[in-house]
């Protein structure tokens, strides 16, 4: 059965199964605090989920938001925006009060919003679904990410792959660890037009 699953996976991605497993494990490790499912409800997790599910955020506190991005242990996977970038592009930031958790929405020329800078600098797990659902409710229509673990997550959230770019070292994030993270494709996704 495992071999059959490996063959299906190989046929779907065009990569050798061992490469896919290695890449998936690495990316899972990177994003587990944002999207990992959990059955453990702590008072903090319940509070965070309540705030996210009710779109209860501190909005457009650019300085605090940018500092959170800089403090993220997975900063290589986040675009290094500045306060000036957010101001210049009329980005809306959404931060969960009392927690280093949030996302931002960047206006697009088609009237939609690009979901950017999704982050969770806490140990609270299992909030990714709620966080992305909130970003969609608030107008998020597209996003991009490195291929791997997040591809299935975003696909299940309804995002369709619209473009894919092969890794280009000229655009590699600062301090990118090639041995640990490899050279994943960059995947652009959007929600279907309603």
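The values are calculated or read from the model by the stated rules, or taken from the named source; none is laboratory data. Treat the numbers as computed from the prediction; the structure is a model and nothing was measured. With ideal geometry, Cβ positions are generated from the backbone for all residues, glycine too; neighbour counts draw on all protein chains shown.
Within the stretch 81-99, the set of residues being in contact (Cβ under 8 Å) with a residue 24 or more places away in the chain and more than 21 Å from residue 122 (Cβ to Cβ) comprises 86, 87, 91, 92. Take residue 124 and decide whether it is in contact with a helix residue (DSSP H, G or I) (Cβ under 9 Å, 6 or more places away or on another chain) and closer than 17 Å to residue 42 by Cα. Considered against the rule, which asks whether it is in contact with a helix residue (DSSP H, G or I) (Cβ under 9 Å, 6 or more places away or on another chain) and closer than 17 Å to residue 42 by Cα, residue 124 comes out as yes. Residues of the stretch 67-91 that are within 20 Å of residue 140 (Cα to Cα), within 16 Å of the chain's Cα centre (by Cα) and surrounded by 14 or more Cβ atoms within 10 Å (Cβ to Cβ): 69, 77, 78, 81.
On the stretch given as the stretch 150-161, residues that are surrounded by 20 or more Cβ atoms within 10 Å (Cβ to Cβ) and farther than 17 Å from residue 193 by Cα total 2.
The strands (runs of 3 or more DSSP E) found wholly in the stretch 52-156 and carrying at least 3 residues that are more than 29 Å from residue 183 (Cα to Cα) occupy 92-95.
Give the residues of the stretch 171-190 that are surrounded by 10 or more Cβ atoms within 10 Å (Cβ to Cβ) and out of contact with any helix residue (DSSP H, G or I) (no Cβ under 7 Å at 6 or more places or on another chain), sorted by residue number. Even if it seems obvious, please write down each step before you answer.
The first filter runs over the stretch 171-190 and keeps only residues surrounded by 10 or more Cβ atoms within 10 Å (Cβ to Cβ), leaving 172-173, 176-178, 180-190.
Of everything in the stretch 171-190, those that are surrounded by 10 or more Cβ atoms within 10 Å (Cβ to Cβ) and out of contact with any helix residue (DSSP H, G or I) (no Cβ under 7 Å at 6 or more places or on another chain) turn out to be 172, 177, 178, 183, 185, 186, 188, 190.
Could you check residue 41 against (1) at pLDDT 90 or above; (2) surrounded by fewer than 18 Cβ atoms within 10 Å (Cβ to Cβ); (3) not in a helix (DSSP H, G or I) and say which number it fails? With respect to (1) at pLDDT 90 or above; (2) surrounded by fewer than 18 Cβ atoms within 10 Å (Cβ to Cβ); (3) not in a helix (DSSP H, G or I), residue 41 is out only on (1). Among the residues of the stretch 134-146, those identified as touching a helix residue (DSSP H, G or I) at 6+ places or on another chain (Cβ under 8 Å) and either surrounded by fewer than 18 Cβ atoms within 10 Å (Cβ to Cβ) or farther than 24 Å from residue 56 by Cβ (or both) are 145, 146.
Just a yes or no: is a residue in the stretch 53-63 within 24 Å of residue 174 (Cβ to Cβ) and either surrounded by 15 or more Cβ atoms within 10 Å (Cβ to Cβ) or at pLDDT 95 or above (or both)?
Filtering the stretch 53-63 down to residues within 24 Å of residue 174 (Cβ to Cβ) leaves 62-63.
This time we only want the ones that are either surrounded by 15 or more Cβ atoms within 10 Å (Cβ to Cβ) or at pLDDT 95 or above (or both), so: 62-63.
Yes, there is a match, as at least one residue in the stretch 53-63 is within 24 Å of residue 174 (Cβ to Cβ) and either surrounded by 15 or more Cβ atoms within 10 Å (Cβ to Cβ) or at pLDDT 95 or above (or both).
So for the stretch 183-191 (the condition being in contact (Cβ under 8 Å) with a residue 24 or more places away in the chain, over 21 Å from residue 80 (Cβ atoms) and assigned to a loop (DSSP other than H, G, I, E, B)), does at least one residue qualify? Please lay out each step first, then the result.
To start, the set of residues in the stretch 183-191 that are in contact (Cβ under 8 Å) with a residue 24 or more places away in the chain comprises 184-191.
Checking the rest, the ones that are also over 21 Å from residue 80 (Cβ atoms) come to 189-191.
From the residues that got through so far, the ones that are assigned to a loop (DSSP other than H, G, I, E, B) too are 191.
Yes: the stretch 183-191 contains one or more residues that are in contact (Cβ under 8 Å) with a residue 24 or more places away in the chain, over 21 Å from residue 80 (Cβ atoms) and assigned to a loop (DSSP other than H, G, I, E, B).
Filtered by the rule that a residue be touching a residue at least 60 places away in the same chain (Cβ under 8 Å) and either under 25 Å from residue 92 (Cβ atoms) or in contact with a strand residue (DSSP E or B) (Cβ under 9 Å, 6 or more places away or on another chain) (or both), the stretch 149-175 gives 150, 153, 173.
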